[in-house]
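A.B. asks: One structure follows; several queries about it will come next.
The values are calculated or read from the model by the stated rules, or taken from the named source; none is laboratory data. In this text, all values refer to a predicted model and were calculated from it rather than measured experimentally. Using ideal geometry, Cβ is built from the backbone for each residue, glycine included, and neighbour counts are taken over all protein chains shown. Calculation scope for accessible area: heavy atoms of the full protein, side chains included, ligands and nucleic acids excluded. Shrake-Rupley method; radii C 1.70, N 1.55, O 1.52, S 1.80 Å.
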Amino acid sequence: MSRSKFKTIFLAVAVTVMAASMISFPKESFDASVRGLNMWWEIVFPSLLPFFIVSEMLISFGVVTFIGVILEPIMRPLFKVPGVGGFVWAMGMASGNPAGAKITARLRQEGQVTQIEAERLVSFTNSSNPLFIFGAVSVGFFHNPQLGLLLALSHYLGNICVGLIMRFYGSSDGDKRKMGRKKITLRSALSSVHQTRLKDNRPIGKLLGDAVTSSIQTLLMIGGFIILFSVVNKLLYHLHITAFLAKGVEVILSSLSFSKMLSIPFISGLFEITLGSKLTSQVHGATLLQQIVITSFILAFGGFSVQAQVASILAQTDIRFQPFFIARIMQGIFASIFAYLLWKPLSARILDPEHITRAIPVTIISNSSWIQSFNHYLIDTGPLITLTALLFYVLVLSYNFKK
């Protein structure tokens, strides 16, 4: 049997089993779907929409080109990507998954990066944002705000290591030619802004409308994947597939002297990072160090839900998904190693009696944490922001349809 036929049969069987499972477990499927919808409706959409719109505007107005010219002497020698990669990296860290892939795909469509450069760039510019790491994971799940520093350091250091390794990916002939360019000046950077704006001669109103519609279309796709994988994760658990896969993970955990009870949270985290991180924090049979190492891998790997979102975005370009997937595995390993190495120097602060908060309710911690307060504010106002943006999206589509 050819590989293509096997893939077709496998996908057909998988979808059929999923449909039958949803019929067999209607309540569980509905609850999981609502959970995914609430996550997208309250947090993901309102937190990512402003970043997506602003990034679209910055690209169209040539600001990203200006940043690229300025950062070229830094990004090119370190990561073998254009200077605009610095903008993508910053936006990816600030807004979280899958903003890095979205902006990279946009730059590839604009011709500001080559295919190889885009594949290098997307491999290390997708990460969890600090709000999720400090607010949701460290405070919400582990009830220890001090863990946020350790998780964030291991996460972003792993990102940097992946970027440094991926610089060796692909041909370097084009990089040698580009590194031999003329000296960068402020005047040339400003000139590049003007040239970029002249190429994109859309009126400001049209440009803003296109930025909004493009961003909302991407977020609708992201919402669909979040809901889908929330249901898939739940069904795999009820079909005992998660427990079956966990048996293989237990062998690896045992060889590392880790608790076998971390196997099911680890498998859940491979599909969806929020559920995986939460389940890992609730394993009382494991040490805190073991929980942090597993959580670091889950956050860095991103979960199949995020990877499916990235794959859908990259499918609109010629950027290949395989380098990104390999990079996620590498970052998961690096993040776990950094978490283990940083544990000893940071454990005194994390385990200080004044900072131990496992017995303290989350509501008390959130009052003293502006990150958690902002997270609650986002949950309260998120649905209103989402609804307003969707209404605006419908109006723009209706106006374009009439034209």
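A.B. asks: Among the residues of the stretch 320-340, write down those that are open to solvent by less than 10 Å² (accessible area, probe 1.4 Å) and either farther than 16 Å from I160 by Cα or aliphatic (A, V, I, L, M) (or both).
C.D. replies: Those that are open to solvent by less than 10 Å² (accessible area, probe 1.4 Å) and either farther than 16 Å from I160 by Cα or aliphatic (A, V, I, L, M) (or both): A327, A335, A339.
A.B. asks: Only one of (1) of a type in the set (S, T, N, Q); (2) closer than 24 Å to F229 by Cβ; (3) surrounded by fewer than 16 Cβ atoms within 10 Å (Cβ to Cβ) fails for T287. Which number is that?
C.D. replies: Just one mismatch for T287, condition (2).
A.B. asks: Based on this model, can you work out whether K247 counts as open to solvent by 60 Å² or more (accessible area, probe 1.4 Å), without any contact (Cβ under 8 Å) to a residue 60 or more places away in the chain and not polar (S, T, N, Q)? Break it down into steps so the answer makes sense when it comes.
C.D. replies: Numbers: open to solvent by 60 Å² or more (accessible area, probe 1.4 Å): yes; without any contact (Cβ under 8 Å) to a residue 60 or more places away in the chain: yes; not polar (S, T, N, Q): yes.
So K247 passes the test.
A.B. asks: Separate question: Does F324 satisfy being out of contact with any Cys (no Cβ under 8 Å at 6 or more places or on another chain) and closer than 17 Å to S127 by Cα? Reasoning before the result, please.
C.D. replies: Values: out of contact with any Cys (no Cβ under 8 Å at 6 or more places or on another chain): yes; closer than 17 Å to S127 by Cα: yes.
Yes; evaluated as a whole, the condition is true for this residue.
A.B. asks: Right, here's the next one. Sort out which residues of the stretch 293-319 are surrounded by fewer than 24 Cβ atoms within 10 Å (Cβ to Cβ) and of a type in the set (G, A, S), and write them in order of number.
C.D. replies: A308, A311, S312, A315
A.B. asks: Also, I was wondering about something else. Going through the stretch 250-279 one residue at a time, which ones are of a type in the set (S, T, Y), assigned to a helix (DSSP H, G or I) and free of Cβ contacts under 8 Å to residues at least 60 places away in the same chain?
C.D. replies: Pass one, the stretch 250-279, residues of a type in the set (S, T, Y): 254-255, 257, 259, 263, 268, 274, 277.
Still in the list and also assigned to a helix (DSSP H, G or I): 254-255, 263, 268, 274, 277.
S254, S255, S263, S268, listed by residue number.
A.B. asks: Cβ-Cβ below 8 Å, separation at least six or inter-chain, first residue in the stretch 1-29 and in contact (Cβ under 8 Å) with a residue 12 or more places away in the chain and of a type outside the set (V, I, T), second part of a helix (DSSP H, G or I) and open to solvent by 70 Å² or more (accessible area, probe 1.4 Å): which pairs?
C.D. replies: Matching pairs, first to second residue: F25/K234; E28/K234; S29/M22; S29/K234.
A.B. asks: Which residues, taken from the stretch 282-308, are free of Cβ contacts under 8 Å to residues at least 24 places away in the same chain and either closer than 23 Å to P98 by Cα or aromatic (F, W, Y) (or both)?
C.D. replies: Q307
A.B. asks: Does the stretch 289-300 contain at least one residue that is under 30 Å from G111 (Cα atoms) and among the hydrophobic types (A, V, I, L, M, F, W, C)?
C.D. replies: Yes, the stretch 289-300 contains at least one residue that is under 30 Å from G111 (Cα atoms) and among the hydrophobic types (A, V, I, L, M, F, W, C).
A.B. asks: Please work out if I160 is farther than 21 Å from I103 by Cβ, part of a helix (DSSP H, G or I), at pLDDT 90 or above and open to solvent by 40 Å² or more (accessible area, probe 1.4 Å).
C.D. replies: Criteria not met by I160.
A.B. asks: Here is a follow-up. If a residue has to be open to solvent by less than 10 Å² (accessible area, probe 1.4 Å) and touching a Gly at 6+ places or on another chain (Cβ under 7 Å) to count, how many in the stretch 92-102 make the cut?
C.D. replies: Total meeting the criteria: 3.
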